[in-house]
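Below is one structure, written out as structure tokens; the observations come after it.
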Amino acid sequence: MTAVELTPDLREARVYISVLGSDEEGDKVVASLQGASGFFHRELGHRLDLRHIPSLTFFRDRSLERGAHLLHLMDEVAASLPPMADQGEHSRHPESE
């Protein structure tokens, strides 16, 4: 679970989850969680002292996947660049002399 958004009246909760794997696997996980939402709702009712227990709707959060993809792309770009020379002591600015 990466985030939960509650409506102001606390009657609905949007639950975002991250699933590493294929789109098909992610869809199966979300469908399974949605299918078990009644169970989760009952369990919340037993554990929370609220007038209304929120109904749960599950969504796939792809932000971690997008972040991993961007890191992979940056690694590819970095690997394609020539290595930077070690400038150490030799990188004095002319203005400092």
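Coordinate-derived values only; no laboratory data. Treat the numbers as computed from the prediction; the structure is a model and nothing was measured. We place every Cβ from the backbone using ideal geometry, glycine too, and count neighbours over all the protein chains shown.
Miscellaneous remarks
- Under a Gaussian network description of the chain, with springs only between Cα atoms under 10 Å, the residue in Ser55, Ser18, Ser80 that fluctuates furthest is Ser80.
- Only the Cβ atoms of Lys and Arg (+1) and of Asp and Glu (-1) were treated as charged; on that basis the dipole of the chain about its Cα centre amounts to roughly 800 debye.
- Each residue, Val77 and Leu50, gets one label point 7 Å from its Cα in the Cβ direction; the gap between the two is 4.2 nm.
- Rounded Å value of the spacing that divides the Cα centres of segment 1-27 and segment 40-75: 3 Å
- Pairwise label distance in nanometres, Phe39 with Asp23, each label 7 Å out on the Cα-Cβ vector: 2.8 nm
- Structure-derived Rg/Rh (Cα atoms, Kirkwood Rh): which label, when the choices are [x] 0.98; [y] 1.11; [z] 1.37: [z]
- Scanning residues 5 or more positions from Phe58 or on other chains, those with amide H under 5 Å from its amide H are Val15, with H placed 1.01 Å from N in the peptide plane.
- Between helix 23-35 and the chain: long-axis angle, C-alpha atoms, 0 to 90°, nearest 10: 30 degrees
- DSSP beta bridge pairing in the chain, given as percent antiparallel to the nearest 5: 40 percent
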